[in-house]
Structure formats: structure tokens, C-alpha cells
Amino acid sequence: MAQDVQKGFKVLAVFFKWLLLALVTGLVAGGVGVAFHSLLEWCGEFRGEHPALLWGLPFAGVLIAWLYHTVGRDRDRGTNMVITAVRSDEPVPPATGPLIFVSTALTHLFGGSAGREGAALQLGGCIASMAGGLLRLDEKDRRVLVMCGMSAAFAALFGTPAAAAFFSLEVVSVGVMYYAAIVPCTVAALTGYLLAGALGVEPTMLPYAGAPELSALTMVRVGGLGLLCGLLAILFCITMHKTAGWMKRFFPNAMIRAAAGGCIIILLTLLCGTRDYNGAGMDVILRAAEGTTVPWAFLLKLIFTAVTLGSGFKGGEIVPTFFVGATFGCAAAPLLGLDPAFGAAIGLTALFCGVTNCPVTSLLLGLELFAGSVSYVGNSSFLFFLLACAVSYMLSGNFSLYGEQIIVYSKLRAEYINVKAN
């Protein structure tokens, strides 16, 4: 009896320890996420008012490369570094936070095609890693704290606390969920989300057309779209990785590589005759969610993003994934007999699942992003999201945006494989 009481007190002590640590981490990382969100919003608006800024993109790239070289972070691995920090005792360097903050802002200000979540994950991971060192937490607790920082910054930036909490649990090792961190990550994500709301940051909400009637034929159609998204996920990952390799091969010097990448983006923009593919592209995602897109938009965004990030500009791949998935789903849905707007919702969610290998996160993300879709939980919308994510997850194979992600268990059979993602 005494031992049971002692164990109960130990569990409570651990619970309250993580409650406090997660709250503090959520407030700090969430606050930085809010500041970062405001900065990127300003960058996007200012670039829209001054389109000539695009001509400065090569110089911005040189500045970014110079900054990373000056602080000795030439081989910076971005989000992969944070994933490694969760899996091992490798700390996130303190310089990571300020560098990714400034460099992502420069990328967005001058019209590079990039997202923002990569910066959020690195900012949150950096803050939490530094806090873990200051508090002298042991190796395992530091890893959980880094996950808390990731969750808080992600939730503050996107307004999707459930997806943010589970993303940190899922993304490190495919097939294994870090359930020991579920309370800390949930509390940190909710804290970051509520702080962002209190400071006036609106959560990302996309219009939702509603789901078609549930039937065997509709399930086949949605499954077919999930299949196409799984194949597109492979193309997306290969293009991102190969482009980075090609840019390094042709331009070994980081500053020349960044300048060349900036020039290529300017040329592509002039050839396209539109600024839709510069920046994050949230306005195009909104149009796709309403059922309007051009058939080739997804391919152009993929090329713009691969060149931008492959040449050394900073940001993230997830918002471009939203763009590619939504526009592809919108264009492909009518070919399968589905509504374009509904196809955009399915395409965004399923492609995110395919490139990150995070099915639970993807399902939650779909429900949180699309306005009104939460009210459909338990009926067709939930089931359609689930089916598309499941198919895309399986058919995307061992490919991933994150090279440090470990595929612990095979997607094809109950088999332990423990290999790095492609």
C-alpha cells in the first residue's frame, strides 16, 4: 500500500513538473512564434506594395549565406537538426534561432518561395534546448522539452494546436509515437495557441466546401486522389532533395549558389508573368480551397520552392506543401468526379501526410485547417480525410522531406526496419 502511494506521488510530481515546464516553454516559444508571424505578415504585405524588391533576391541570398558562414553554420541542417536533437543528446546551437528568424524574413521579404513552419520548429527547438541546458535537465528531459518548443511555436504560427502537439510526437520516428511527451507537448501547444489568440493572431482557417455523400464509389474516388497524392509526395521529396544536390554541384560556393538561385527565381517569375509563386502563397491556397486554380500551379510551386530552398534560402517546406497539395487536389478532383474545392482539402491533407509520414497529425491538421470541417467529425468528412491520409502514407514509401527521419517500422508489413528516410 505504501509503495502504491509513493508511486502515485511520484507520478503527480512528474506531472506537475512537466505542466510547469510546458507552460513556460509554451509562453516563451509561443511568444517568439507570434513575433515571427507578425514579421512575416509584414514582409508579405511590404513585398506586395513594392514588387521591385524581387530584384534584390540574389543579394538577400548572398547576405543569408554570409550570415551562416560568419557564425560557422555553413552546414546547417535546418529542421533535420531539431529532429536529431529529439533523438539524441545533440543540442540545438543557440545561433540557430536568430539566424533562422532573420534569414526566413529576408527570404519572404524579397520573394523567395518558402514556408514558415521550418523556422518555427527551429525557433521552438532552439529556445527549448537552451532552456534545458540552463535548467540542467538530463538528456531525456531535454529531448521532451525540445518537442514542447516545437509544438508551441508550430501552434502559435498556424493556430492548429492538436496537429502541433502530435507532429512533434510523430515526426521523429515513423511507426513509433513518443507518448511520454503527450502531456508536455499538448500543454505547450495549447499555451502557444492561446497566447497567439490573446495577442491577436488569427488561426489559419481555410474555407471548406463540405463532403460528398458517403458511398462506395465516392470512397474509391477519394482513395484514388489519396493514391495520386502519395505518388506526388515522392515527386515532391525527390525534387527537393535532388535540386539541393544539383545546386551544390554546379555552385560549390554558398554565396554564389544563393545569388544564382535568386536569379533563377527572378527569371521564373518573369516567365510565369505572376507573383503567385513567390512567398508562401496563402492567397493561392485560399483560391484552391474555394475551387479555383490553374492545372499547372502545383508543378510551378514545386519548382519555385525547390530552387529557393535548394540554393540556400531559408524557410520551410510545409506551406509550399499545402500549396502544391491544394492546387493539385483542386485540379485533379474533377477528373475523378469530385468537387474541386473538396479535392483541394483532400489534396492538401494527403500530400502533407505523404511528405511528412505523420498520418495522425495530418488527419488533425485537416480537421483544424478547414473551417467547419470539425463539425463533420464522426461522419463522411472525417472518414474521407482518414482514407486519403492512409493511402498517401502507405504509397509514399520511405520518402520524406526530412532526411533525419527514421522509418522504424515498415509501412507494408509489421516489420522492424529502422532505416533513414529517403
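The values are calculated or read from the model by the stated rules, or taken from the named source; none is laboratory data. All values derive from a computational prediction rather than experimental measurement. Cβ coordinates were reconstructed from backbone atoms using ideal geometry, including for glycine residues, and neighbour counts include every protein chain displayed. For the accessible areas, the whole protein counts, side chains as well, though only heavy atoms, and no ligand, DNA or RNA atoms are used. Shrake-Rupley method; radii C 1.70, N 1.55, O 1.52, S 1.80 Å.
Computed with a 1.4 Å probe on the full set of protein chains, the accessible area for D138 sits at about 90 Å².
Our summary of shape: the Cα atoms of segment 81-156 have principal axis extents of 42, 22, 19 Å, ordered from largest down, in whole angstrom. Rolling a 1.4 Å probe across all protein chains gives M205 an accessible area of roughly 100 Å². A Förster distance of 60 Å, applied to the separation of the beta-carbon atoms of V102 and V408, puts the FRET efficiency at 0.95. Site pair A180 and R249 shows an inter-label distance of 4.2 nm when each label is modelled 7 Å from Cα along Cα→Cβ. Distance between the 7 Å Cα→Cβ label points at K242 and L194: 4.8 nm. For segment 197-263, the square roots a ≥ b ≥ c of the C-alpha gyration tensor eigenvalues yield an a/c of 1.5 or more together with a/b not exceeding b/c, which makes the shape oblate.
Phi angles of segment 211-216 translate, via the Karplus equation with coefficients 6.51, -1.76, 1.60 and θ = phi - 60°, into HN-Hα couplings of 9, x, 5, 6, 7, 4 Hz per residue; Gly and Pro are given as x. Take the cross-link list K248/K420; K314/K420; K314/K411; K7/K411; K242/K301 and give me the ones stretching past 27 Å between alpha-carbons. Violating the 27 Å Cα-Cα cut-off are K314/K411; K7/K411. Whole-Hz Karplus values for segment 161-168 come out as x, 5, 4, 5, 5, 7, 4, 5 Hz, taken residue by residue from phi with 6.51 cos²θ - 1.76 cosθ + 1.60 and θ = phi - 60°; glycine and proline positions read x. Centre-to-centre, using Cα atoms only, segment 320-351 and segment 29-96 are separated by 29 Å. Protection proxy ranking of 409-421, 323-335, by the mean of other Cβ atoms within 10 Å over each peptide's residues and highest first, is 323-335, 409-421.
Here the Karplus relation 6.51 cos²θ - 1.76 cosθ + 1.60, evaluated at θ = phi - 60°, turns the backbone of segment 315-323 into coupling constants of x, x, 9, 6, 5, x, 5, 4, 4 Hz, with x for every Gly and Pro.
Each Cα pair under 8 Å and six or more residues apart adds its separation to the average, and for segment 36-125 the resulting relative contact order is 42 percent. A 1.4 Å probe run over the protein chains yields, for segment 41-82, 58 Å² of accessible area per residue, whole-number rounding. Here the accessible area of the chain is 68 percent carbon and sulfur, with a 1.4 angstrom probe and all protein chains present. The value for segment 266-321 of Rg(Cα) / (2.2 N^0.38 Å) is 1.10. Summarising the amide proton neighbourhood of F370: residues at separation of 5 or more, or on other chains, whose placed amide H is nearer than 5 Å comprise L206. Evaluated at q = 0.14, 0.16, 0.20, 0.26 Å⁻¹, the base-10 log of the normalised Debye intensity for segment 22-88, with identical point scatterers placed on the Cα atoms, takes the values -0.73, -0.90, -1.09, -1.07.
For a 4.7 Å threshold on C-beta separation, the list of partnerless cysteines in the chain reads C43, C126, C148, C185, C229, C237, C263, C272, C330, C358. Amide H contacts for I417 (H built 1.01 Å from N in the peptide plane; partners 5 or more residues away or on another chain; cut-off under 5 Å): Y409, S410. Would you please calculate the Kirkwood hydrodynamic radius of segment 157-200 over all C-alpha pairs and express it in Å, rounded to one decimal? Averaging 1/r across every pair of different Cα atoms and inverting gives 10.8 Å.
Over segment 203-254, accessible surface divided per residue gives 53 Å², non-protein components excluded, 1.4 Å probe.
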